[in-house]
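The values are calculated or read from the model by the stated rules, or taken from the named source; none is laboratory data. Nothing here was measured: the structure is a model prediction, and the numbers come from that model. Glycine gets a Cβ as well: all are built from the backbone with ideal geometry, and neighbour counts include every protein chain shown.
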Amino acid sequence: MTANPFPRRLHPRVRISEPLSNRTTLRVGGPAEYFVEATSLRDVADTVNTAHEIGLPLHVIGGGSNLLIADEGIPGVVLSLHCMKKINVFGAKVHVQAGAKLSTLVNRCSAEGLAGPQSLAGIPGSVGGALAMNAGGRYGEIADYVERVIWINPQGELESRYKEEIDFGYRISELRHGVVIEAVLQGAPGERSELIGRAREILQQKLAAQPYSEFSAGCAFKNPIGQSAGRMIDLAGCKGLRVGGATVSDRHGNFIINTGDARARDVLELMRQVTQRVLEVHGVELQPEVQVWPGRSLLAA
Ligand SMILES: Cc1cc2nc3c(=O)[nH]c(=O)nc-3n(C[C@H](O)[C@H](O)[C@H](O)COP(=O)(O)OP(=O)(O)OC[C@H]3O[C@@H](n4cnc5c(N)ncnc54)[C@H](O)[C@@H]3O)c2cc1C
């Protein structure tokens with residue numbers, strides 16, 4: 001049996017060869033060599049330090065709603081902060097830990113009469129994942145509400161950064177190169193019932209347009225500037241295209257669905273075929289939005 005290289009106090013929170021597919025919304029992929037469920041900043045720091053000291057690759061998993069994990073699994077450490085999920089509201093500011101669900105944050109802000117994050121209603125996953133991906137949609141993105149973020153940066157240091165110091169892009173941010181611990185978000189005063197209604201309306205729009213109840217990782221590809229990847233995929237005749245258990249949704253061209261027995265390699269091959277067809281028809285090379293693991297390790301080992 002593989003030895004547990006983590007400090008003894010962390011052993012109850014370390015699992016060896018832990019299956020990951022059920023921790024993703026796409027439901028594919030193999031196990032993590034080590035899976036650590038952190039319950040405190042000290043757990044996170046010990047995990048990062050151990051990975052660094054013995055040269056293990058490190059990845060952070062949130063709600064797994066934007067992940068495609070290789071069938072062979074992930075060498076090294078997969079760190080989860082899902083137990084670190086406190087949300088505290090102070091006036092128009094929200095202090096939220098990375099492991100909180102984004103939907104819980106949205107509901108809490110609405111209930112407290114705090115306007116802003118309702119624009120993120122219906123986006124699955126955690127606050128940490130949303131910050132790492134700069135999650136959002138037509139009504140806004142999480143960066144719009146960030147005041148500052150506390151994270152372990154790629155050099156392994158605990159750091160607080162204001163929004164202006166963070167590189168946020170379209171469905172991406174530099175925060176995915178470290179470990180987000182907590183964020184301070186800024187809202188505006190609002191009327192509770194209006195905010196609850198607004199969040200519900202945005203959620204309903206998403207439910208009507210997307211295959212929400214099926215196994216997917218959301219949009220597989222980013223929208224090219226000024227264009228809709230879903231529409232391009234549709235016009236390229238990809239809807240219904242299938243590889244193994246993976247298929248392009250016939251409701252939304254940018255969603256790749258696991259119909260039940262898909263493997264990661266089916267999804268990747270389907271993404272390759274879609275990219276090829278779109279390139280042939282539209283002359284545009286689509287870029288993946290979904291994060292494919294194992295990619296590069298977070299912190300330089
Ligand atoms: C049905 C469906 C609908 C979706 N709709 C939208 C949408 O409208 N808009 C949108 O933007 N996205 C959407 N997504 C994609 C996904 O929900 C978002 O990207 C989400 O923010 C990912 O969060 P997560 O916690 O699940 O992250 P994960 O999928 O677990 O991880 C994604 C990335 O974030 C990193 N990460 C996670 N937690 C941390 C942390 N604490 N510190 C540092 N890095 C971290 C991971 O390492 C990885 O690189 C949708 C997905 C689904 C399945």
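Is there a residue in the stretch 84-103 that is within 16 Å of the ligand (Cβ to nearest atom), among the polar types (S, T, N, Q), surrounded by fewer than 20 Cβ atoms within 10 Å (Cβ to Cβ) and under 21 Å from residue 26 (Cα atoms)? Yes: the stretch 84-103 contains one or more residues that are within 16 Å of the ligand (Cβ to nearest atom), among the polar types (S, T, N, Q), surrounded by fewer than 20 Cβ atoms within 10 Å (Cβ to Cβ) and under 21 Å from residue 26 (Cα atoms).
Of all residues in the stretch 111-118, none are surrounded by 24 or more Cβ atoms within 10 Å (Cβ to Cβ), modelled with pLDDT of 95 or more, within 13 Å of the ligand (Cβ to nearest atom) and within 21 Å of residue 67 (Cβ to Cβ). For residue 275, the stated conditions do not hold, so it cannot be described as outside the structural domain of residue 63 (by TED's automatic domain parsing) and in contact with a Gly (Cβ under 8 Å, 6 or more places away or on another chain). Only residues that are touching an Asp or Glu at 6+ places or on another chain (Cβ under 8 Å) and over 20 Å from residue 44 (Cβ atoms) were counted in the stretch 95-119, giving 3.
Taken over the stretch 71-83, residues that are surrounded by fewer than 20 Cβ atoms within 10 Å (Cβ to Cβ) and either modelled with pLDDT under 95 or assigned to a strand (DSSP E or B) (or both) amount to 2. Across the stretch 261-301, the number of residues qualifying as modelled with pLDDT of 95 or more, assigned to a loop (DSSP other than H, G, I, E, B), over 20 Å from the mean Cα position of the chain (by Cα) and closer than 27 Å to residue 33 by Cβ comes to 2. Consider residue 280 carefully, then state whether it is charged (D, E, K, R), outside the structural domain of residue 54 (by TED's automatic domain parsing), within 16 Å of the ligand (Cβ to nearest atom) and in contact (Cβ under 8 Å) with a residue 12 or more places away in the chain. So residue 280 fails the test.
Scanning the stretch 122-136 for residues that are surrounded by 24 or more Cβ atoms within 10 Å (Cβ to Cβ) and either of a type in the set (S, T, N, Q) or more than 6 Å from the ligand (Cβ to nearest atom) (or both) gives 126, 127, 131.
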